[in-house]
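Please treat every number below as a calculation from the coordinates, not as lab data. No experiment lies behind these values; they were computed from the predicted model shown. Don't worry about glycine lacking a Cβ; one is built from the backbone with ideal geometry, like all the others, and counts go over all protein chains shown.
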Amino acid sequence: MDDLDQLEAQSIYILREAYRKLKPLAMLWSLGKDSNVMVWLARKAFLGRVPFPVMHVDTGKKFPEMYRFRDEYTRKWELELLLGDCPPVEEIDPTLPPAARSAARKTAGLATMIEKYKLEGVIAGIRRDEQATRAKERVFSPRGSSHKWDVRNQPPEFWDQYATPHEEGVHIRVHPLLSWREIDIWRYIEREGIPLVDLYFSKNGKRYRSLGDQDITSPIESDASTVAEVITELQTTRTSERAGRAMDHESEDAFERLRVAGYL
Amino acid sequence: MSNDILRQDAATPIVIVGHVDHGKSTLIGRLLHDTDNLPEGRVAQIIESSRKRGLKVEWSFLLDSLQIERDQGVTVDSTRIPFLLGNRQFVIVDAPGHRQFLRNMITGAADAEAAVLVVDAAEGAQEQTRRHAMLLRLIGIRHVIVLMNKVDLLDYDEQKIAASEQAVAALLKQLDIEPSLFIPASAREGDNIASRSPQMAWYKGPTLTEALALVPSPAGRADLPLRLPVQDVYRFDSKRVVAGRIERGRVTVGDTLVIGTHGTTARVASIESWHTAPQISAVAGQSVAITLEPDVIPDRGDLLHRPEEAPIRTARIRSRLFWLRQEPLRVGESFRLRLATAEHQVTVASIDSVVRLDDLTEHASDHVPPEGFAEITLAASESILFDAFTPGTTDGRGVLVDRHQRIVGGAPLIGPADIASGTKAIHPTDSTVSLWDRAQARGHRGGVFWMTGLPGAGKSTIARAAESRLFGQKIDVSVLDGDTLRAGLCADLGFSEADRTENVRRAAAVARILAETGQVVLVALISPRAADRELARQVVGEGFHEIFVDADQATCEARDPKGLYQAARAGRITGFTGIDAPYDTPASPDLHLPTGTGSVGEVADRLAAYVADSVVLAEGTRRRS
């Protein structure tokens, strides 16, 4: 087994644990590259189907290409899609910096969906190498009734034994891609032929490396117009993946505050 | 694109451990920086974070990504960061050094291939150095590199450094850890991290990066005997598939496999997959889905293996323990033992030894302290299949979970415990006479009425009186009492907590056998521990009733039918329940029988009525008139 086989096998194991232990369970589908890989891994784990709903928490500010992609692949992959809205930015904690406030809308939208569907498990496609606080995450990360991430008091997690919910109102965030790196995601996309929204590929010398809301995400300079070219580019790049995501850079702890409050 | 971009070896996880303030985070910052593994802008961020707090460049801020960590200058939780050295992928795991974050240290370290143990050369090994070294042994990390840090404080002096090394080597030797290397280094100055130190021309060994490159890749587990724990069973379309990860060995279509403890066998009919080339064989590490012929239905936790390669099978297990709960562990506590995908109810039958951390020696103790290490015996109500813990495999990786589903300890399983029926091949055969057949023939079901209470509360007396009443109603009934058991079946047992647990387990096992033949069994046993009675309930299963024979201690002591209270008061007996050993009052017994007032006859009538009510079949369902 090479490294991608091992990452794939581990993610399948995690998804099967989640499906067995957490009910009801849903997977977040942000339409980005990581969550497409995650849907693909679920189809591998469950032999061609996704036996739980996928959720799109819609900020209403995604790129039109993303909405088209969502509708096309919901049909092609036979997904059960749950849609949720986000509250207007005026309802969000005004002490957060502006872009983080915008991102926090998604946290609020997600919280509404978790309560609406009484979810015990939410599968999310975050990775450790994206952001330093995500590097401290657990594969199964319990969230209390206020959905807060109790970062000072995470449960032990070792030998593939994961936390299970122990009381009413606790849900578990499941992170099957935690050990994948950005370049692994792209190599797996290449190997498996996983479809992506074409914003990731260069047009007029620019492409998106990470996709968020239109108003707080910027493209990077790049000529990479195929998956293979993106991989080659990533082998030499020195900038971080989320450099184009404004919310990460407004203050030292902006991202941590978002995450503690329930952001992904 | 060239093939080598798509095909790479998996990353090797390396954990950095050591006492708080011996320089782990600084080492990692230095390592990432000197090997060019930091993204652009990260160094500038760190300089800014350091400046804001009035510090020089603080490399630990790279990993201490949480606000609390930077403000308080401590690592709270483990971080894992990918790290590239030449073409080889590593994951560097930064583990917290504070004792209170031990659970986070283990979370980070448990799957590492190798460890770098960082020791302040000037200060030498400290409490967490010993604790971490102990843990490396318990979680099975064999490849250990010792980094003697801060040697600039010893003026890079060869003799002083050698003396400090020897002390650490002696400590590790006690734990059977043979370090692959000692590297004299200064993480802050960069000596012997990614480049050779000009200050220590006398040192001819590898730098840290050279040493990491020499860490062996994980050994393959494909050639070991097959272990496939069932993770789940799906029914998709019309097909039933058994899902699980192959922990070791390989599965090939056509193989005959034994399924769990039942001993049923089935043939592997196919290996199912989606968007993958058809497979006829799969190896360790793969998450597979197989179909079986005949189409038997295994349970989650059943271990699939070849008939001639059976694992250990026992209900009493000797285990090491690293204890993570904030309160001590005591004998008699019950847990769920998670083992791969299986879960078993277990009780701590004895604490065999506890490690004293200041000198790493083993001692007898009646408890395991918070964050302590021990060897214990676990008693289960059913046979457990497992392989002894072996580094480099996933064998014997037990984890203890409390009733709130919290992970409270790691239990590397060593093997069967002494009194166990152990490795003897046992092949129970199911009776062809069903319980229902028996019940109909007799007019009543079997059942176990577990009578617990203080010595002198009247358990045996009432049991005998009720026995004669029930017999008069044509109910097949027998009494198992403590003294009878101890005279024969349990003659080898004393009154230690472990022996009391074993006494209860045997009584429960015999009662179960009798009940399965359709008998009503009245067990009269002090069974002072709630955990032991819970074990009895587990052993017996359906048809277990807890009866609390309740008289206060003064009454019991006044009765003292066997003169035992008098002997205990005189100090001639120790460990006597009610005098110098505790009695856990049943919280919610199925029947509460106060015996302080009323005659023996009245109490026995109540018990007999309760028993008859529980076991006698309604008119019309009986075959016998």
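List of remarks:
- Rounded to the nearest 0.05, the FRET efficiency derived from the C-beta distance between B:E293 and B:R88 at R0 = 41 Å is 0.40.
- At least 24 Å along the helix axis (C-alpha) and Kyte average at least 1.0, DSSP helices within chain A: none
- Annotation: Cα Rg of the protein assembly as shown relative to the compact-globule expectation 2.2 N^0.38 Å equals 1.07.
- Largest to smallest principal axis extent of the C-alpha atoms in chain B, angstrom: 97, 68, 43
- Euclidean distance between Cα centres, segment B:393-418 to segment B:433-477, Å: 37 Å
- Alpha carbon convex hull of segment A:78-125, projected area averaged over orientations, nm²: 4.4 nm²
- Between A:R105, A:R181, A:R20, the GNM of chain A built on Cα springs shorter than 10 angstrom shows A:R20 fluctuating the most.
- As a ratio to 2.2 N^0.38 Å, the alpha-carbon radius of gyration computed for segment B:275-424 takes the value 1.19.
- Taking a ≥ b ≥ c as the square roots of the eigenvalues of the Cα gyration tensor, an a/c ratio below 1.5 marks segment B:228-305 as rounded.
- Distances between placed amide hydrogens fall under 5 Å for B:T12 paired with B:Q89, B:F90, B:V91, all partners being 5 or more residues away or on another chain.
- Whole-Å distance, taken between Cα centres, linking segment B:514-558 and segment A:170-248: 64 Å
- Sorted peptide list for B:500-511, B:373-384, criterion being average Cβ within 10 angstrom, highest first: B:500-511, B:373-384
- Cross-link pairs beyond the 31 Å C-alpha cut-off, checked among A:K62/B:K24; A:K33/A:K118; B:K150/B:K173; A:K21/B:K173; B:K24/B:K173; A:K44/A:K106: A:K62/B:K24; A:K21/B:K173
- Cβ-derived FRET efficiency at R0 35 Å, B:E382 paired with B:I573, nearest 0.05: 0.55
- Label point of B:D9 set 7 angstrom out along Cα-Cβ; within segment B:215-237, amide nitrogens under 15 Å from it belong to B:215-221.
- Of every Cα-Cα pair in segment B:274-360, the percent that sits beyond 15 Å: 75 percent
- Modelled spin-label separation between B:D590 and B:R559, with each label point placed 7 Å from Cα along the Cα-to-Cβ direction: 2.2 nm.
- The value obtained for chain A, namely the Cα convex hull volume divided by the number of residues, is 129 Å³ per residue.
- Spin-label model, B:D237/B:D613: points 7 Å from Cα along the beta carbon direction are separated by 5.6 nm.
- Scalar couplings 3J(HN,Hα) for segment B:382-389, obtained by applying the Karplus form with A = 6.51, B = -1.76, C = 1.60 to θ = phi - 60°, are 9, 5, 10, 9, 7, 10, 4, 3 Hz; x denotes Gly and Pro.
- C-alpha center-to-center spacing [segment A:1-54, segment B:576-593] in angstrom: 50 Å
- Kirkwood hydrodynamic radius (C-alpha pairs) into Stokes-Einstein, segment B:3-213, 20 °C and 1.002 mPa s, D in µm²/s: 124 µm²/s
- For chain A, modelled as a GNM whose springs connect Cα atoms under 10 angstrom apart, the maximal fluctuation among A:L15, A:L177, A:L234 occurs at A:L234.
- For the protein assembly as shown, calculated [θ]222 nm from helices alone, where every DSSP H run of n ≥ 4 adds -39500 (n - 2.57): -8500 deg cm²/dmol
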